[in-house]
Each structure stands twice: as C-alpha cells, then as structure tokens.
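Have a look at the structure below before the remarks.
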Amino acid sequence: MGKYFGTDGFRGEANKTLTVEHAYQVGRFLGWYYRNQNHRKCKVVIGKDTRRSSYMFEYSLVAGLTASGADVYLLHVTTTPSVSYVVRTEEFDCGIMISASHNPYYDNGIKLLNDKGEKMDEETILKIEEYIDGNPAQIPFAVREEIGCTIDYAAGRNRYIGYLISLATRSYKNMKVGLDCANGSAWMIAKSVFDALGAKTYVINAEPDGTNINTNCGSTHIGVLQEYVKEHHLDVGFAYDGDADRCIAVDENGNVVDGDAILYIYGCYMKERGKLTNNTVVTTIMSNFGLYKAFDAAGIDYEKTQVGDKYVYENMMANGHRLGGEQSGHIIFSKYASTGDGILTSIKVMEVILEKKMALSKLTAPLKIYPQVLKNIRVKSKPEAQNDPDVQKMVEKAAKELGDNGRILVRESGTEPVIRVMVEAESLQMCERYVDAVLQVIREKGHEVI
C-alpha cells in the first residue's frame with residue numbers, strides 16, 4: 001500500500017483526507033501518462049456512486065483529465081463492476097470509479113482500473129503518488145484541439161445491464177426476490193435486471209439523497225433485509241454495498257448467507273458439473289473455519305490470501321482458478337468478471353437455486369459456521385499497535401489457548417486507520433473474551449485514538 005492508495009483505492013473523508021485537489025491531480029497525471037505511454041489521446045471512463053461528494057470529485061477528475069488532453073466518457077451513477085466491464089470490453093485506457101464502497105456517506109474514494117478492468121498495478125499507483133507529492137508543473141497543459149472533451153456514456157451502463165441479463169440460465173418467473181440497494185449504485189440497475197428476468201422484485205433502500213448511502217441499509221446492515229424477507233415471505237433476498245461490488249444473501253427463513261456461504265454453494269455446484277478448475281476455491285484469511293471443514297467434506301481444495309479482493313483476484317489469475325472471494329461478499333467469477341460484482345453474484349446464486357430446485361436454506365445446510373467476533377479499534381499508528389510486544393504476547397496467549405478449536409487474527413485495515421481483531425471459537429463467549437483481552441492491551445498501551 002502507498003501513502004494515499006490502499007487496497008481499494010484512495011479513500012478518506014471528502015475534502016479532508018481526499019480533496020478536490022487530489023482528484024484533479026490524479027486526473028492530470030492519468031491523462032498525461034496514458035498519452036505518453038500510447039502516443040495518442042487517452043480515453044477514460046468514469047462512474048460514480050450516489051454520495052453528494054461524488055459529483056464534486058467527478059468534475060474535478062474530468063477537469064484534470066481533459067486539461068491533460070484525455071477524452072472522458074461518463075457513465076454517471078453506476079456500479080464499480082459496470083466500470084470494469086466497460087473498460088475491458090470497449091478499449092478504454094483506464095477506468096475510474098468514485099466511491100468509498102461500504103463507508104459512510106461523508107467518505108469517498110477514487111478506485112482506478114487498468115485497461116483489462118482490473119485494479120491498477122502498484123507501479124502506476126506509486127507514480128501517481130509521486131506526482132501528488134511532487135511538482136505539478138512537470139506535466140504540460142493540453143492546448144487548442146489537444147484539450148480533451150467529455151462524452152455522455154449512459155449507453156455503456158445499459159450494455160452492462162444487458163450483459164448481466166444474458167448470464168441467467170433460467171427465467172425468474174414466480175420467484176419473489178428482495179433487493180436492498182443500500183441507497184447506492186445498484187438503486188436502478190439491480191431492479192432492471194431482476195424485472196427483465198421475470199422475478200417479482202421487491203426493492204428497499206433505493207431512494208438515494210446523497211447522504212443516506214449505506215445508512216442502516218445494504219450489506220453492512222443486513223438485519224433490515226432479513227426482517228423484510230420474513231415479513232413479505234420472499235424466496236430470497238440480496239443486499240449490496242454502496243458501489244455494488246459486494247453481495248450478501250438472505251434465505252427464505254431470513255437467515256444470512258454471507259460470502260463464505262456463497263463460495264460454498266457455488267463451489268459445490270461447479271464441482272458437481274466438472275467446472276471447478278483445479279478443484280480449488282480462493283478465499284482470504286478471514287474466511288470461517290466452518291467453510292474449510294465443509295470444503296474438506298466436499299473434497300474441494302482451497303487457497304488463502306491476504307484480505308482484499310485484489311489479492312484474491314491476483315491469486316486466481318496466477319493459478320487459473322475460477323472462483324474466489326471474501327466473507328464480506330466480494331465474490332469473483334473470473335470467467336465473467338475481473339472484479340467482485342454484487343449483482344452478478346445474485347444471478348449466480350439464483351442459478352443454483354433454480355437449477356437444483358432447492359431453497360437457499362437447503363443449499364447451505366451442510367455448512368456449519370463457527371461463532372465469530374470481529375471488533376475494530378481506531379489507532380494512531382496501525383504498525384505500532386499491531387507490532388507492540390505486549391499486544392503480540394496477548395495474541396500468542398489466545399492462540400495457544402484456542403488450539404485446534406479456534407483461531408485469532410489481528411490485522412491492519414487496508415482502507416481505514418483501524419486494527420481489526422477477530423476470533424473464532426466454539427462459543428460466542430470465548431470469542432468475546434479473547435477479542436476484548438487484545439483490545440484492552442491496545443488501549444492500555446495508549447495506541448487507541450480517543
């Protein structure tokens with residue numbers, strides 16, 4: 001990770017950590033960089049979520065890009081995976097998504113995608129950071145006919161919707177489906193897809209006002225959809241995050257089906273049909289013990305990466321794996337996409353339900369999830385807090401006592417100034433005890449931001 005860009009872009013509170021000047025500089029650099037690399041005018045596509053500040057950052061990026069001679073195609077409010085799709089299918093030099101994903105409305109972010117729709121490589125990111133901290137005058141302004149222009153490109157978003165519809169294997173007729181759009185990017189796209197496929201679609205949290213994205217809704221507040229599914233007797237529900245690259249499902253009984261459960265369902269489905277390349281599913285170190293036990297029982301191999309769908313995707317590409325993802329709901333189907341895609345994930349879950357003619361609760365029944373507690377603590381310095389000898393000593397003590405019946409994981413967030421402490425054990429009480437013990441040491445050593 002660099003100074004500004006973390007595992008999922010340049011993210012922070014709008015006009016505090018991430019400012020309009022930063023966005024302008026990112027645009028100035030990218031417009032110049034790709035023109036220099038390819039010896040022609042640069043083409044960039046931009047999408048944004050529903051945050052109030054997304055419009056401000058869009059205009060700032062556009063100013064920087066066009067000032068450096070790039071032509072900018074605007075998808076307007078759309079999802080991160082739609083930007084990825086348009087970039088890789090329509091010969092753009094790069095893509096930009098303006099979103100802070102699941103963060104509160106007052107945060108925002110700049111996510112950069114290469115010409116294959118993948119997350120931007122570290123080498124290019126470091127060059128952007130050097131430019132931000134360096135001399136802006138080193139990049140000349142475009143003049144006369146070399147100045148870039150903007151193009152309304154809503155058609156690209158519509159092509160993405162058509163692509164999603166084309167991936168469904170059966171009609172959704174007679175299926176009652178709930179969608180929680182988190183007042184974010186999916187607010188129009190998801191309903192369009194499910195309506196076109198014949199579902200009786202029930203939509204909640206699809207009235208964005210610029211400040212209600214992710215507020216008590218979406219994949220980070222799944223309880224809202226759980227109650228809605230039960231109240232309206234729906235067959236299944238899907239909740240997305242702010243930019244719709246995540247999906248968490250809810251079964252017909254109102255039970256949560258998280259990213260681990262989705263990996264299990266679809267991994268088994270692929271294996272049964274001989275489609276699970278290398279007989280392997282890629283997970284992160286945050287996946288539940290229970291998932292690995294269920295994979296063992298099903299005869300499915302697995303790999304573990306650092307937290308972040310970026311690392312999952314890199315592992316998949318390096319080894320030719322076809323399915324991977326995170327407990328949080330970033331699921332990657334590498335045959336169809338180069339990033340996590342919440343709506344695509346919904347379509348794939350629907351495929352298993354319809355092809356196997358089984359309710360979602362039955363599909364997840366063999367998966368027994370261990371109790372898990374995850375708590376975050378805001379700290380002054382993530383490395384200092386995590387590497388503190390007393391903190392390490394407490395973590396080692398907990399790991400030893402848990403033995404083979406649980407685990408403890410302490411890691412730095414890639415997007416926020418927090419340390420995450422997670423414990424899985426045979427009971428919630430044990431989880432709480434060990435997590436709180438580590439947090440207490442972090443506080444006593446003065447690492448917490450008060």
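Mind jotting down the distance between the C-alpha centroids of region 116-170 and region 229-294, whole Å?
31 Å
Cross-link candidates for K271: which aspartates and glutamates have Cα within less than 18 Å, leaving aside residues fewer than 8 places away along the same chain?
Output for K271: D260, D296, D301, E303, E351, E355.
List the trypsin sites (Lys or Arg not before Pro) in region 251-308 that DSSP assigns to loop (not H, G, I, E or B) and whose Cβ has at most 14 other Cβ atoms within 10 Å. Which are they?
Answer in residue order: R273, K275.
Report the local net charge at K43: Lys and Arg +1, Asp and Glu -1, summed over other residues whose C-beta lies under 15 Å from its C-beta.
Computed value for this residue: -2.
May I ask for the percentage of alpha-carbon pairs in the chain that lie more than 30 Å from each other?
45 percent
Identify, among W187, G218, H447, the residue whose Cα sits farthest towards the positive end of the charge dipole of the chain, taking +1 on the Cβ of Lys and Arg and -1 on the Cβ of Asp and Glu, with the dipole about the Cα centre.
Looking along the dipole axis, the top candidate is W187.
Over region 372-444, consider all pairs of different Cα atoms and compute the Kirkwood hydrodynamic radius from their mean reciprocal separation; express it in Å, one decimal.
Roughly 12.1 Å, rounded to one decimal.
How much FRET efficiency would the formula 1/(1 + (r/R0)^6) give for R159 and A365, where r is the Cβ-Cβ distance and R0 is 51 Å, rounded to 0.05?
Working from the Cβ atoms, E equals 0.85.
Using the alpha-carbon centroid of each, what span in Å lies between region 373-450 and region 334-366?
33 Å
With n ≥ 4 as the cut-off for DSSP H runs, can you work out [θ] at 222 nm for the chain, using -39500 (n - 2.57) per run divided by the number of residues, rounded to the nearest 500?
Computed ellipticity for the chain at 222 nm equals -13000 deg cm²/dmol.
Would you list which lysines come within 23 Å of K230, measuring only between C-alpha atoms, while excluding same-chain residues fewer than 8 positions from it?
K173, K176, K191, K200, K348, K356, K357, K362, K368
Readers should treat all values here as calculations from the given coordinates under stated rules, not as data from a laboratory. No experiment lies behind these values; they were computed from the predicted model shown. Counting neighbours? That spans all protein chains shown, and the Cβs are built from the backbone with ideal geometry, glycine included.
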